[in-house]
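Student: Would you mind keeping the following structure in view while I ask a few things?
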Amino acid sequence: GGGEIKNARQIQCMVMSPRIYLEETEDDEDQTGESKEDSKEEESGGGGDANNPGSATFLALQMYARHCFVPAVRAIEALELEEEKKEGNDGMVPTAGEGDESAKQTPNRRKTTRIMEGLEDKLRELDVALGQCRRTVLGRIPHVALRAHPRIAEAAARLGSSGKMDLESVGLSESLQDDAFLNEVQSTVTHWITQIRKVTVLPASTPFPSGDSAETESHADLEEVSFWIGLEEALKTIRSELSKPDVLLTIALLKEAKRFVATIALENNTGMDAAEAHVGDVANFLRSYPAPMLAAARDWAKIGSAMDAVFTHLPKVRQSRFYDLDRLARLVEATTLNLRERMEGTLRESYKGNGIVLSLNYDEYEKRVRGPTQDIFVMFDASFSSFSEFFLDQGRMRRRAGEARNETP
């Protein structure tokens with residue numbers, strides 16, 4: 001307990017459970033910063049995590065990254081700092097201040113510090129990425145797998161490498177007169193259309209993530225990015241499914257049998273083309289949106305840099321036809337909540353609560369707390385003012401463009 005850190009020896013045992021039972025979690029009135037974040041993560045999953053092994057595994061990985069790997073890196077940094085102080089105490093007068101301490105660091109020490117800080121940053125980014133994966137698993141995007149009729153699937157395995165749909169060579173020419181079989185195949189195609197439309201209606205029908213839980217309130221911007229990138233991948237998967245040999249053979253069979261109702265519906269009534277245009281447009285805008293960068297920032301410099309990157313990226317919305325301004329306003333609102341959480345989290349991690357912040361002398365408070373936070377507030381006010389002017393200008397331009405379209409005969 002009271003010994004030096006370097007004398008401690010621990011064995012970490014990790015068990016990757018397929019399920020996490022949230023209903024047994026008890027509230028703790030004296031939660032610290034990271035434990036509060038963990039409660040948000042668990043509460044946001046609700047019953048979904050307990051019933052979704054993939055989501056539960058991602059949540060477990062997040063907890064390990066947050067409570068095992070990051071503290072381990074910090075412990076190594078603390079040990080090296082302790083050794084550096086012991087070596088520097090011989091023949092040196094101790095001085096106060098962060099700048100003086102960094103000036104005494106040897107080149108090797110400075111290099112090690114940069115490596116360890118970079119490693120911790122990567123672990124924070126891993127934490128954010130795992131959270132996005134978990135939200136994707138719990139997302140509302142259905143997985144589409146187009147399964148052909150068993151007889152057609154068996155026949156498709158006999159297709160040649162040329163890909164030519166020769167019904168006679170695969171033994172399906174006689175089935176053209178089998179109405180019962182053709183009805184089953186047509187029913188299969190109708191089911192495919194239903195499956196595909198469950199995905200293609202999402203671009204127009206999915207609202208911006210609501211703050212219906214502790215996590216979505218503060219990470220709605222991350223969920224928004226994950227949704228559109230995930231939807232883009234889902235549409236690519238559907239397009240790949242439609243090009244499978246058994247699917248192409250099914251379409252060729254129905255066309256040869258003059259069952260054009262099903263084939264025309266599959267080609268024209270799924271909404272694939274419109275959905276791909278809509279999703280591709282929005283994904284191009286959101287793909288590089290720096291919300292993950294902000295969520296992973298753990299010091300004032302990185303928070304300020306991420307916030308600046310956010311406001312630099314937002315004007316790119318002018319290149320998007322489908323990302324409307326109402327949704328953009330919600331995105332900015334969610335990002336400001338993310339910014340607030342990052343600032344609160346940085347203070348909690350640095351000072352473990354307000355008590356230690358209030359115990360600082362005024363000069364230290366000005367240097368380490370008030371100065372950095374005021375710099376971010378000033379930067380935010382200036383950036384938000386510029387964005388507000390851009391937002392109003394875009395509203396006027398889009399309104400005029402809409403009126404011009406309506407007047408065109």
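Student: Looking at segment 340-351, I want the residues that are over 16 Å from Arg368 (Cβ atoms) and have a partner that is open to solvent by 30 Å² or more (accessible area, probe 1.4 Å) and not in a helix (DSSP H, G or I) with Cβ atoms under 9 Å, at least 6 apart or on another chain. Which pairs are those?
Tutor: Arg342/Arg298
Student: Looking at (1) closer than 30 Å to Met397 by Cβ; (2) aliphatic (A, V, I, L, M); (3) open to solvent by less than 40 Å² (accessible area, probe 1.4 Å), which is the one condition that is false for Ala274?
Tutor: (3)
Student: Hey, another quick one. Filter segment 279-297 for residues that are open to solvent by 60 Å² or more (accessible area, probe 1.4 Å) and assigned to a helix (DSSP H, G or I); which is farthest from Arg348 (Cα to Cα)?
Tutor: Asn284
Student: Under the condition of being in a helix (DSSP H, G or I) and open to solvent by less than 30 Å² (accessible area, probe 1.4 Å), which residue from segment 171-187 is farthest from Met272 (Cα to Cα)?
Tutor: Looking at residues that are in a helix (DSSP H, G or I) and open to solvent by less than 30 Å² (accessible area, probe 1.4 Å), I get Ser175.
Student: Going through segment 229-257 one residue at a time, which ones are hydroxyl-bearing (Ser, Thr, Tyr), part of a helix (DSSP H, G or I) and surrounded by fewer than 22 Cβ atoms within 10 Å (Cβ to Cβ)? Reasoning before the result, please.
Tutor: Residues of segment 229-257 that are hydroxyl-bearing (Ser, Thr, Tyr), as a first pass: 237, 240, 243, 250.
The next check asks that each one be part of a helix (DSSP H, G or I); those that pass are 237, 240, 250.
Across segment 229-257, the qualifying residues are Thr237, Ser240.
Student: Looking at the structure I just gave you, is Asp308 of a type in the set (Asp, Glu) and modelled with pLDDT under 95?
Tutor: Against the criterion (of a type in the set (Asp, Glu) and modelled with pLDDT under 95), Asp308 does not qualify.
Student: Can you name the condition, by its number, that Pro209 falls short on among (1) surrounded by fewer than 21 Cβ atoms within 10 Å (Cβ to Cβ); (2) assigned to a loop (DSSP other than H, G, I, E, B)?
Tutor: (1)
Student: Can you list residue pairs whose Cβ atoms sit under 7 Å apart, with the first residue in segment 318-338 being touching a residue at least 60 places away in the same chain (Cβ under 8 Å) and the second being surrounded by 15 or more Cβ atoms within 10 Å (Cβ to Cβ) and outside any helix (DSSP H, G or I)? Count only pairs 6 or more apart in sequence or on different chains.
Tutor: Cβ pairs passing all conditions: Arg327/Phe208; Arg330/Phe208; Asn338/His219.
Student: Can you confirm whether Glu168 is farther than 27 Å from Arg321 by Cβ, assigned to a helix (DSSP H, G or I) and modelled with pLDDT under 90?
Tutor: no
Student: In addition: Can you name the helices (runs of 4 or more DSSP H) wholly within segment 298-409 that have at least 1 residues being open to solvent by less than 30 Å² (accessible area, probe 1.4 Å)?
Tutor: By residue number, 300-313, 325-351, 354-359, 371-407.
Student: Looking at segment 239-258, can you tell me whether even one residue there is under 30 Å from Val317 (Cα atoms) and modelled with pLDDT of 90 or more?
Tutor: Yes, some residue in segment 239-258 is under 30 Å from Val317 (Cα atoms) and modelled with pLDDT of 90 or more.
Student: When Gly371 is evaluated against the numbered criteria (1) touching a residue at least 12 places away in the same chain (Cβ under 8 Å); (2) over 30 Å from Ala274 (Cβ atoms); (3) out of contact with any Ser or Thr (no Cβ under 9 Å at 6 or more places or on another chain); (4) not charged (D, E, K, R), which criterion, by number, is the only one it fails?
Tutor: Of (1) touching a residue at least 12 places away in the same chain (Cβ under 8 Å); (2) over 30 Å from Ala274 (Cβ atoms); (3) out of contact with any Ser or Thr (no Cβ under 9 Å at 6 or more places or on another chain); (4) not charged (D, E, K, R), only one is false for Gly371: (1).
Student: Quick check on my filter: what residues within segment 374-392 are within 15 Å of Ala306 (Cα to Cα), touching a residue at least 12 places away in the same chain (Cβ under 8 Å) and not acidic (Asp, Glu)?
Tutor: Of everything in segment 374-392, those that are within 15 Å of Ala306 (Cα to Cα), touching a residue at least 12 places away in the same chain (Cβ under 8 Å) and not acidic (Asp, Glu) turn out to be Ile376, Met379, Phe380, Ser383, Phe384.
The values are calculated or read from the model by the stated rules, or taken from the named source; none is laboratory data. Since we're looking at a predicted model, the values are computed, not measured. Glycine also receives a Cβ, built like all others from the backbone with ideal geometry; neighbour counts cover every protein chain displayed. Remember, those area values only see protein heavy atoms, side chains included, never the ligands or the DNA or RNA. Shrake-Rupley method; radii C 1.70, N 1.55, O 1.52, S 1.80 Å.
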